[in-house]
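The values are calculated or read from the model by the stated rules, or taken from the named source; none is laboratory data. In this text the structure is predicted, and so the values were computed from the model without any measurement. Counting neighbours? That spans all protein chains shown, and the Cβs are built from the backbone with ideal geometry, glycine included. The accessibility values were calculated without ligands, DNA or RNA, using every heavy atom of the protein model including side chains. Shrake-Rupley method; radii C 1.70, N 1.55, O 1.52, S 1.80 Å.
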Amino acid sequence: MAITRQVITSLQRDGTDALGTRTVAMKIVDESIVSGSLLTVESNHFCILKSRGAVLNVYETGQYALQTPDKPLIGSVVQGFFGGSSPWVYEVIYINRSKLLVRNEGIATSAEMAEMSYVVDYYIHIDSKEEALDLITHMPFAGAVIDTKEIADYAGPAIEQAINQIIQVTKMEHINERISDVREAVKVHLTDFLAVYGIMLNDLKVLITPRDERMRELISLQAIGLSPIEAVRYYLALRMADKGLVSAPNAAAGVPFQIGGQPTGFYPLGDEVGATR
């Protein structure tokens with residue numbers, strides 16, 4: 001962001017956008033913003049002008065000469081009366097109207113109380129000036145920006161509740177069969193939740209896997225057609241093979257491992273062979 005010669009823009013000196021792909025809203029507070037300052041709004045932004053907590057105007061794409069309540073005193077005249085600073089402090093808030101990617105991760109429990117990890121990826125955007133106002137009205141600035149991580153923090157409980165409503169009554173082996181139900185439940189809950197903040201939900205993806213790595217591998221082995229017992233044997237064989245144990249194939253086949261050669265007959269163990277008791 002740069003304010004040079006009272007030109008306000010979200011572009012930095014190297015031409016890059018200060019909002020980028022992670023910032024939803026960015027606030028600029030500067031005493032040099034007075035009537036006549038030029039405000040530039042890029043094609044993928046909205047801009048809101050505030051003073052003393054009140055919204056003065058909402059701007060779409062274009063360049064505007066600001067008309068603020070400091071008239072008829074303008075610019076340097078105003079600052080001259082107040083020791084070089086303006087008595088009115090204006091806030092310029094840029095709102096990103098591009099599609100932004102947000103990710104939420106968490107833990108849910110199945111009907112057997114097994115821990116399941118979930119990842120929800122979704123796209124959001126702000127579509128209108130009214131929605132831009134809803135955003136700054138209902139979501140406070142913790143600093144100079146609101147980023148996608150803050151959106152994820154706000155949306156996290158709504159997503160967790162929607163997922164647990166289905167996962168907690170579903171056995172672990174049947175969760176993938178209900179992934180469409182989970183996705184639809186998350187979409188409905190998240191759409192309603194984000195609408196309060198003026199945020200529209202676009203595409204959404206849900207991925208649920210067992211949190212325990214061993215359980216994931218066992219389920220993968222069953223998915224290729226192995227029975228639960230065979231899956232356990234193959235899992236054991238794979239771990240044994242990782243350790244370099246030559247008995248790994250026997251574990252997979254479920255047969256004993258013999259050390260040395262196979263027996264070929266019966267042999268006497270009496271005095272004639274020198275064996276003693």
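Determine, yes or no, whether ARG178 is part of a helix (DSSP H, G or I) and surrounded by 14 or more Cβ atoms within 10 Å (Cβ to Cβ).
yes
Anything in segment 137-153 that is closer than 8 Å to VAL24 by Cβ and either open to solvent by 90 Å² or more (accessible area, probe 1.4 Å) or not in a strand (DSSP E or B) (or both)? List them, or say none.
Within segment 137-153, THR148, GLU150, ILE151 meet the criteria.
Can you find even one residue in segment 78-88 that is loosely packed, with under 15 Cβ neighbours inside 10 Å, at pLDDT below 60 and in a helix (DSSP H, G or I)?
Scanning segment 78-88 turns up at least one residue that is loosely packed, with under 15 Cβ neighbours inside 10 Å, at pLDDT below 60 and in a helix (DSSP H, G or I).
Here are some residues: ALA18, ALA25, ALA54, ALA65. Which one is free of Cβ contacts under 8 Å to residues at least 24 places away in the same chain and of a type in the set (A, V, I, L, M, F, W, C)?
ALA54
Among the charged types (D, E, K, R), loosely packed, with under 15 Cβ neighbours inside 10 Å and closer than 30 Å to ARG103 by Cα, is that true of GLU42?
No; evaluated as a whole, the condition is false for this residue.
How do the strands (runs of 3 or more DSSP E) wholly within segment 1-52 filter down when requiring 1 or more residues that are charged (D, E, K, R) and modelled with pLDDT of 85 or more: which remain?
23-30, 45-51
Going by the conditions given, is TYR122 in contact with an Asp or Glu (Cβ under 8 Å, 6 or more places away or on another chain), of a type in the set (Phe, Trp, Tyr) and at pLDDT 90 or above?
It is true that TYR122 is in contact with an Asp or Glu (Cβ under 8 Å, 6 or more places away or on another chain), of a type in the set (Phe, Trp, Tyr) and at pLDDT 90 or above.
Residues being of a type in the set (Ser, Thr, Tyr) and in contact with a Lys or Arg (Cβ under 8 Å, 6 or more places away or on another chain): count how many of those fall in segment 123-158.
Adding up the residues that qualify gives 2.
Just a yes or no: is a residue in segment 213-223 farther than 30 Å from LYS27 by Cβ, of a type in the set (A, V, I, L, M, F, W, C), more than 18 Å from the chain's Cα centre (by Cα) and open to solvent by less than 50 Å² (accessible area, probe 1.4 Å)?
So the first thing to find is which residues in segment 213-223 are farther than 30 Å from LYS27 by Cβ, and the list is 213-223.
Now drop any that are not of a type in the set (A, V, I, L, M, F, W, C), which leaves 215, 218-219, 221, 223.
The next check asks that each one be more than 18 Å from the chain's Cα centre (by Cα); those that pass are 215, 218-219, 221, 223.
Then keep just the ones that are open to solvent by less than 50 Å² (accessible area, probe 1.4 Å); that gives 218, 221.
Yes, some residue in segment 213-223 is farther than 30 Å from LYS27 by Cβ, of a type in the set (A, V, I, L, M, F, W, C), more than 18 Å from the chain's Cα centre (by Cα) and open to solvent by less than 50 Å² (accessible area, probe 1.4 Å).
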